[in-house]
Amino acid sequence: MCGSFDDIPPVGQVKAVDPEADALLAEAKAFQAEGRMAKSRAPLKEIVQYHKLAPNAPEARYLLGRAYEATQDYRDAFKEYGKLIDRYPQSSLYADALNHQLAMAMDAATGKMSVPVLWGAWSTTMESGVVVKWLREIVEKAPYNDMAATASSILAKYLVEQGRPEEARLEYARLVEKYPDSRYAPEAQLMVAQLWADSHTRGDNNLVNLSNAREAYEEFTLRFPKHADAKKALSEASNMERLMIQQQLEVGRYYLERSKEYTSAIFCFEDVIRQKSVNPDAAKEAETLLAKARAAAATTVSEL
């Protein structure tokens, strides 16, 4: 078989022995044993490029990843581990490659990974785009739930730290749906609720965001009724409802004092008053404002 391919070697076409590849691997291992990791790349690259059907091709790909990692060429290291995962899923090194990818992604997400800049003149942390890409790739490829859930949790936290709350909330929600039995699921559900609650101060959908936060807290109590934070979540759900009523009061105030839409103001204040048992302070203020709205509406009608 001639030529080069990037797919998984066809079943039955892997060579039983490849002396040339064995010699190259022995050379690379000798370099690595001496700590000459960069020097070991050349024979390893020759194996993965020209001896893809050799029995030691997966090991060569793995050792090439280790060589890149040792010299802080993290992007290339991650890529080589990924190629092993994609092309040799039956290899005994499959799990090791994934674990190396996860460890690298964790270090990058927590700022522990230093990346050389300008031929080593100084170092910096890995770009956020690369970190997110790595973690998403692990979530997609991880063969078992615990690793995927771990990567998903790290990704969501990283997105929060990067000031990307909407993306973080979606990632937390996916974690809960895909891995409901994961140890990360309760925290993820709480974060979905918290991020909805935090978002009520941004944009024009305050009532919708508060309603979503309330539903997320209530869902936590349904999913995890025996969790230590179940009572706290229920309390937060009630607090979201109080905030929704307070927001309704402010909407009514806007209609009354700013836009002079008295009929809409009356509707808002009456709705707040109906929910007196939930937010008595807001209801008391709404009663005063309702009287003003009705008087203003009556004046407007008489003027017509």
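For the stretch 167-238 and the stretch 51-105, what is the centre-to-centre distance using only Cα atoms, to the nearest Å?
One Cα centre to the other: 37 Å.
Tell me the label-point distance for the pair Asp271, Ser128, using the 7 Å Cα-to-Cβ offset, in nm and rounded to one decimal.
Using points 7 Å along Cα→Cβ, the separation is 3.5 nm.
Relative contact order of the stretch 160-278, please, whole-number percent, based on alpha carbon pairs below 8 angstrom and at least 6 residues apart. Numbers along the way, then the final one.
Working: 118 pairs, mean separation 19.8, N = 119.
With pairs under 8 Å counted, the relative contact order is 17 percent.
Run down the lysines and flag those whose C-alpha is under 17 Å from the C-alpha of Lys29, throwing out any fewer than 8 positions away in its chain.
Of all the lysines, those that pass the test against Lys29 - Cα under 17 Å, at least 8 places apart if same chain - are Lys39, Lys45.
Quick check on the chain: helices-only [θ] at 222 nm, where DSSP H runs of length 4 and up contribute -39,500 (n - 2.57) each and the sum goes over total residues. Nearest 500, please.
Theoretical 222 nm ellipticity from helices: -23000 deg cm²/dmol.
Just round it to a whole percent: the fraction of Cα-Cα distances in the stretch 149-284 exceeding 22 Å.
The calculated P(r) of the stretch 149-284 puts 46 percent of pairs beyond 22 Å.
Compute from the Cα atoms of the chain the Rg and the Dmax, the latter being the longest Cα-Cα distance, and quote both in angstrom.
Both quantities, over Cα of the chain: 29.6, 102 Å.
Eight or more residues apart or on different chains, and alpha-carbon atoms under 28 Å: count the Lys pairs in the stretch 155-304 matching that.
Step by step, the pairs that qualify in the stretch 155-304 add up to 16.
Using 1/(1 + (r/R0)^6) with R0 = 35 angstrom and r between the beta carbons of Lys292 and Ser235, what's the FRET efficiency to the nearest 0.05? Mind showing how you got there, number by number?
Working: r = 34 Å, r/R0 = 0.96.
E between Lys292 and Ser235, to the nearest 0.05, is 0.55.
So between Lys284 and Glu167, what do we pick up on full extension, going 0.36 nm a residue minus the alpha carbon distance?
38.2 nm is the gain from fully extending Lys284 to Glu167.
Using only alpha carbon pairs under 8 Å that are at least six residues apart, calculate the relative contact order of the stretch 96-150 and give it in whole percent.
Taking the mean separation of contacting Cα pairs over the length of the stretch 96-150, I get 29 percent.
Helix by helix, which DSSP H runs in the chain go 15 Å or more along their axis at the Cα atoms and have an average Kyte-Doolittle hydropathy of 0.0 or more?
On the way: long enough: 19-33 (21 Å, 0.11); 57-70 (20 Å, -0.41); 74-87 (20 Å, -1.24); 94-109 (23 Å, 0.23); 128-141 (20 Å, 0.26); 145-161 (24 Å, 0.44); 165-178 (19 Å, -1.03); 185-198 (19 Å, 0.31); 206-223 (25 Å, -0.60); 230-257 (40 Å, -0.58); 262-274 (18 Å, 0.68); 280-303 (35 Å, -0.12).
In the chain, the long hydrophobic H runs are 19-33, 94-109, 128-141, 145-161, 185-198, 262-274.
Using modelled amide H (1.01 Å from N, peptide plane; none on Pro or chain starts), what sits under 5 Å from the amide H of Ser114, excluding residues fewer than 5 places away?
none
Given labels modelled 7 Å from the Cα in the Cβ direction, how far is it in nm from Ser264 to Ala70?
With each label point 7 Å from Cα toward Cβ, the separation is 6.9 nm.
In the Gaussian network model of the chain, springs joining C-alpha atoms below 10 Å, which of Tyr262, Tyr217, Tyr88 carries the largest mean-square fluctuation?
Fluctuation is largest for Tyr262.
Values in this text are rule-based calculations from the coordinates and carry no lab data. For clarity, every value in this text was computed on a predicted model and none was experimentally measured. For neighbour counting, all protein chains shown are included, and Cβ atoms are generated from backbone atoms with ideal geometry for every residue, glycine included.
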